[in-house]
Every structure is written in structure tokens, then in C-alpha cells.
1. Reachable lysines from Lys177, Cα under 17 Å, same-chain residues fewer than 8 places away excluded?
2. Please report the net charge: other residues with Cβ closer than 10 Å to the Cβ of Phe32, K and R +1, D and E -1.
3. For the chain, which whole-number percentage of the solvent-accessible area (1.4 Å probe, protein heavy atoms only) is attributable to carbon and sulfur atoms?
4. Thr197: net charge of surrounding residues, Cβ under 10 Å, Lys/Arg +1, Asp/Glu -1, itself excluded?
5. Could you give me the percent of Cα pairs per 10 Å distance bin for region 1-91, shortest bin first, beginning at zero and ending with the bin that holds the maximum distance?
6. Would you mind counting up the charge near Asp9? Only other residues with Cβ under 11 Å from its Cβ, with Lys and Arg at +1 and Asp and Glu at -1.
7. Taking only the alpha carbons of region 254-316, what extent do you get along each of the three principal axes, in Å, biggest first?
8. Just one of [x] 1.03; [y] 0.97; [z] 1.21 is Cα Rg over 2.2 N^0.38 Å as worked out from the coordinates here. Which one is it?
Amino acid sequence: MKHASLLDDIMALDVIDTHTHLVGDHLCAEDFWKIADYFWLNRELQTAGYPPEAEALPEEKRMEAFLKAYQSSRNTMMNIAFMTILKDLYGIELTDLASIRAADEQIKTNKAGSGWAQSVADRLHVRRFAVNHPDHAAFEGMTHDALLFPRIDGWLPKLVQKVAQAEKREETLEQAKAHIRKQLHEYHELGCLGIMTTLSNYDAAAHEQYGINKETRSDEIMFMLLHEVCAELERLGMFLQLFLGVERRWGKTSAAPVNDSLRVVRLYGLFERYSIPFELVVASELNNLDVVQAAWNFPNVHVGGMWWYNFRASTYTQSMQYRLEALAPLKSSLIVSDARCIEWTYGKLHVVKRLLAGFLDGQVSKGWIDREGALYCASEWLYGSAANRYGLKGQEGL
């Protein structure tokens, strides 16, 4: 007997968006182009001939170029998310230049109205959003401010470079460690429960013991400082989000996903030594299995959402299969929207909930899990796992 789809139930589940670029006083798109010029959509439009510098074109030429590329790339994930935004939030389907103008007018009108950002969040039951800059966290017109997890990749590499270039390396290293302790203490005083950082390419490993001398490499210095970061987070009772899998060393402007088979295991020394929660977010397809293996091996390691190049149906489905087979649902979070306006959180999360429902429908149909277990799994992946890590479990009115 065929069971009823989980789609409606999953669409109604609460969500925590664990990583955004939302800015609290500019949550809503100001016009059509603030939605249409989203980096990821533009990359896929460019595969259909959309000019990289389209914003420099005269307005009508720009609209013509956009419409042509949009219609030629309707199969791509970001195009599907974009279509969902226009249809669900504004009741518009792009067919001609007049429809672009109508969308622009509707976006401006809705943005001007009170409560638009909260209404968009409520449509998919997004209860909280995370940001990484203190001045972005005050969410105007929203029920709750953002969760703030300050990012340290703005200053951690500079400390590494400073130590590497110093004549008195040992003394400079101690100064760098003192800076880390001071900065993390300030974050703790702000009420932050955790921090995040990206890590690009590295050849050192956390389980190795490095000494500081004139031959010590920058990667080794970085791991020495990462140990200091983790030790201080442990003292303060905070967690660490690690964003992995994107490298910028292969060209002048473009980043790339790199499937480094040793990327995650080189961090095992941190997971073993420090009891803090680690949340691993990856952008490279093959590392999706590696982070699940790490979470299977270490009680304090959790798998985070799908980042950058991982936002595709194939990688989502594959990663959900890995997680379902190996981990209790409370060990995984699924949502990283990377959105720069509230409307894109809707488009991307709608796609994810559809994918999640389809995946779990298949598991129920095959008898691997029952309906109740599937909905429990979905609720943890979307909300409960992150809520527990972020200190939100048991709070009312989220």
C-alpha cells in the first residue's frame, strides 16, 4: 500500500538557518535585481550566455539578456529556487519584459510594507537565522534577532602571517595566543555560544606536535593557533563551526570546491583533544562522507548544512543517505542558505524541504524507516539538532 507523501508535514516543520549573510537592517530585497543578481543564480545563468557584467548594460538590454538566460536554464537548481520565489511570494511567472517590470514593482511594494521579512520567514516556519557579524544581528521587524556566531577567518590568518614573518617567532606566537583568548572572551561576553571560521587548504595536522622555530611552516603555525582557539572555547563552553572545502589558490578570482581526502582527518586531533561541539560544514562533494565518518567516530562532532557547491539535488540526496545510515538525527543539521536577502532563504529552503520529503518518502516506501521515524529525522535535521547545539531547546516562542 502506497503511503501518503510527507511533503505537507515537512513543509510545516520548524527550521533553523545555520548560516546566512543577512544584514539586520536590510533584510528584504529592494528591487528585482537584488534577487535576480544572487551570485549562485548568476553563475548558472552564465552557463546559458548571461553576460558576467550584465549590470553595466542599459536596463532594457539587461532585462532581455536575463530573460533569455533564465528561460534557457530553467533546469538548474538556483533557477528552480528563483522561480519558486517569484511564484510563491509574488504570484509572478517570468515570460516577458513586462513580467520583469511587474515583479520589480511588486518586490518594491512588499518591501515597503511592515512585517514582510517576518511573513517570508513564517511561510516555511524558519524560526531563527544565524549571522557571523555583530553589526548584522539586530533583525529589524522580526520576532527574534539573529543568532550570532562571529567568524574569525578575518583575523586568524593575519595572526598566522604575523608569526610567520616575525624575527622573534616564539614571542610573537605567545602574543597571538593572547589575542585569541582576549577576542574569544569578548565574544563570550556578547552572549555568543559559538564561533565559525573557514579553513582553506592545509598540509599540517592537528594530531602532530609542532614546535615554533625558524623552520616552522605557516600551516603548522595555523594548527598551533587552532589548538589555542579550541582550548579557549572549551574553557568558555562554546562551540566551533568549521566551513571546509573551498579553495582560492587556483585562480585570481574564482573559488573552487576541492575534494581533499585528508581534509577532515587532519582535524581529528582537535576532535580527540577538546570536548567542545564541532559543527562541520563542507562545500566539496566527496567530503560529505568524510564529515559523516567524523561524526560517527566522535561524540562531539556534528554534521552541518550543505554549503556552496553542495547545494544541488544530487549532493543533498547523497548526503542525506550517508547521514540516515550512520548517525542519529540529532547529530545533523541540514540548512545553510547562504542567503543575502530574506527572499532567497525562502527559495532555497523550499527546494531543500522538497528534496527532504522526496528522500524520506523513498525510505518509507522501501521499508527502511516508518513514517513517524521519518518525521522525527526531518525535524532534527531541520531544527532540533541545531536548536540543541545553539542552546534553544526548551525555549518557548522561538
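1. Lys158, Lys162, Lys168
2. Details: positive: Lys34, Arg101, Lys108; negative: Glu30, Asp31, Asp37, Asp104, Glu105.
Value of the local net charge: -2.
3. Numbers: 8860 of 17800 Å².
Heavy-atom surface of the chain belonging to carbon and sulfur, 1.4 Å probe: 50 percent.
4. On the way: positive: Arg151; negative: Asp153.
The answer is 0.
5. That works out to 13, 37, 31, 14, 4, 1, in percent per bin.
6. Details: positive: Lys353, Arg371; negative: Asp8, Asp361, Glu372.
With Lys, Arg at +1 and Asp, Glu at -1, the neighbours total -1.
7. Projected onto the principal axes, the Cα atoms of region 254-316 cover 34, 19, 17 Å.
8. Of the labelled values, this structure produces [x].
The values are calculated or read from the model by the stated rules, or taken from the named source; none is laboratory data. Computed from a predicted model, the values in this text were never measured in an experiment. Please note: Cβ atoms are built from the backbone with ideal geometry, for glycine as well, and neighbour counts cover all protein chains shown. Just so you know, the surface numbers come from the protein's heavy atoms only, side chains and all, with ligands and any DNA or RNA stripped out. Shrake-Rupley method; radii C 1.70, N 1.55, O 1.52, S 1.80 Å.
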